[in-house]
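To keep things clear, I will list the structure first and then write my remarks on it.
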Amino acid sequence: MDHFLYRDGALYAEDVPISEIAAAVGTPFYVYSTATLLRHFQLFDDALSGTDHLVCYAMKAASNQAILKTLAQAGAGMDVVSGGEYLRAKAAGVPGDKIVFSGVGKTADEIRTALTGGIRQFNVESEPEMEVINAIALELGVVAPITVRVNPDVDAKTHAKIATGKSENKFGIPIARASEVYARAASLPGLDVIGIDVHIGSQLTELEPFEMAYTKVAELTEQLRAEGHNIRRLDLGGGLGIPYTRANDAPPLPVEYGALIKKTLGHLGCEIEIEPGRLIAGNAGLMVSKVIYVKSGEGRDFLILDGAMNDLIRPAMYEAHHDIVAVKEPVPGVEQQPYDIVGPVCESGDTFAKERNMPPLESGDLVAFRSAGAYGAVMSSEYNTRPLIPEVLVHGDQFAVIRERPSFDEIINRDTIPTWL
Ligand code: LLP
């Protein structure tokens, strides 16, 4: 459920008409609903109630500080994957002891930044990284809390580009080698080995792969404990999918996911962390765009929008589907017609949807891409010297621009010209 509904013939974000935001900030733009963000966070928090836990929002999904602050004030921790994300979380007021640091190639500088500023734990992804964390901790005179990310060799049954839990993927250490790696970790004086981490992929639409992975983690916990390690925290990653089409897909609910966690791991008495990103932010955001032209092509009509692949890359990159709706509510019973919905960027990949049934639209009409809150704004670029589009946060009947659209001067003046030119 989200808070983007039609009211009096027009699409609203909570209590604000989308057209009012468009008039104020121009198009295209992203808009997020505070109530939806909080509702989704709460679903996870409630799903783990009765268990010692922390929901660490995977901020890579949507990392604007206003979003981070909204979630942090509700009690969320953060999962970061770079020094930049770490500093952004800190800037939004998240304390270091609520930040977990994931990511397959943490640099010495990033590790130093986190150890200096305070960190809940590093999720270690390789043996060389473990050695570097140890060395830097010793240099700084601190002890680094770590888990080791294990790769359980489980098929997440998701898009190949976002599956991470098979042995051929670059993530984690093979679970079969865990014993050896934990023994080495325990021998390093700069490390405090507190638990196990796993993350098998994103946009999972079934519980079964989670169940297989978590069952392996349960077995590993018992094995490592028997080998003398004080395993007391399990980080279970993110990955629970969202419905991208209103019509027919219904991934498992957070409450069912929480029940699975309790069933597979509850008996171990460990503190549980999860790192959901998409489910918290995805359906809490829209990308709103304007029709520039309607062009009649060979056997098809093109809807040419002012938003493009640089603003929302998911369709071009993952063949992802986003529902696209007219901001003016279609008159009931109006005959829909198929459009190819495209942006103005000069490549055919800049296509959002083919033969998508829409109500008749004309130049100047607004459309909204649903489920665009996660991996939308954060993956945008200035390709074609198109400015990054603004982000807007709605809260009840209020809205605020939380990232401004840069001017062309700001973009162009970022280049510096060598003296020989
Ligand atoms: N934890 C780790 C270690 C991750 O790598 C990820 C996502 C998450 C948590 C959050 O997963 P989520 O709950 O959002 O599924 N750009 C792609 C998605 C990439 C996901 C990368 N890792 C997309 O637009 O579909």
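The values are calculated or read from the model by the stated rules, or taken from the named source; none is laboratory data. As the structure is a prediction and not an experimental result, all values here were calculated from the model. When we count neighbours, we look across all protein chains shown, and the Cβ atoms used for this are built from the backbone with ideal geometry, even at glycine. What goes into the accessible areas is simple: the full protein's heavy atoms, side chains included, and nothing from ligands, DNA or RNA. Shrake-Rupley method; radii C 1.70, N 1.55, O 1.52, S 1.80 Å.
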- Hey, among Gly75, Gly96, Gly141, which residue is touching a strand residue (DSSP E or B) at 6+ places or on another chain (Cβ under 8 Å), surrounded by fewer than 18 Cβ atoms within 10 Å (Cβ to Cβ) and not basic (Lys, Arg)? Gly75
- Query: Being in contact with a Gly (Cβ under 7 Å, 6 or more places away or on another chain) and outside the structural domain of Asp235 (by TED's automatic domain parsing), is that true of even one residue in the stretch 297-307?
  - Reply: yes
- In this structure, is Ala108 under 18 Å from the mean Cα position of the chain (by Cα), under 30 Å from Glu129 (Cα atoms), open to solvent by less than 60 Å² (accessible area, probe 1.4 Å) and at pLDDT 95 or above? no
- Going through the stretch 405-421 one residue at a time, which ones are open to solvent by less than 100 Å² (accessible area, probe 1.4 Å) and assigned to a loop (DSSP other than H, G, I, E, B)? Arg405, Pro406, Ser407, Pro418
- Query: When you go through Val342, Val288, Val334 one by one, which is the residue that is touching a strand residue (DSSP E or B) at 6+ places or on another chain (Cβ under 6 Å), touching a residue at least 12 places away in the same chain (Cβ under 8 Å) and open to solvent by 10 Å² or more (accessible area, probe 1.4 Å)?
  - Reply: Val342
- Query: Residues in the stretch 114-130 that are touching a Lys or Arg at 6+ places or on another chain (Cβ under 9 Å), farther than 22 Å from Asn169 by Cβ and open to solvent by 20 Å² or more (accessible area, probe 1.4 Å): how many?
  - Reply: 3
- Task: Can you tell me which residue within the stretch 203-230, out of those that are in contact with a Ser or Thr (Cβ under 8 Å, 6 or more places away or on another chain) and open to solvent by 20 Å² or more (accessible area, probe 1.4 Å), is farthest from the ligand (Cβ to nearest atom)?
- Result: Glu227
- Any chance Phe171 is in a loop (DSSP other than H, G, I, E, B), under 30 Å from Ala316 (Cβ atoms) and within 27 Å of the chain's Cα centre (by Cα): yes
- Message: Can you tell me which condition Ala144 does not meet? The list is (1) touching a Pro at 6+ places or on another chain (Cβ under 9 Å); (2) of a type in the set (Gly, Ala, Ser); (3) away from the ligand (no atom under 13 Å from the Cβ), and all the others hold.
- Response: (1)
- Item | Unmet criterion (only one of (1) within 27 Å of Gly373 (Cα to Cα); (2) at pLDDT 95 or above) for His229 | (1)
- Note on the structure: Of the residues in the stretch 261-292 that are within 15 Å of the ligand (Cβ to nearest atom) and aliphatic (A, V, I, L, M), the one that is farthest from Glu319 (Cα to Cα) is Ile272
- Message: Kindly evaluate Thr245 against the criterion of being more than 29 Å from Tyr32 (Cα to Cα) and polar (S, T, N, Q).
- Response: no
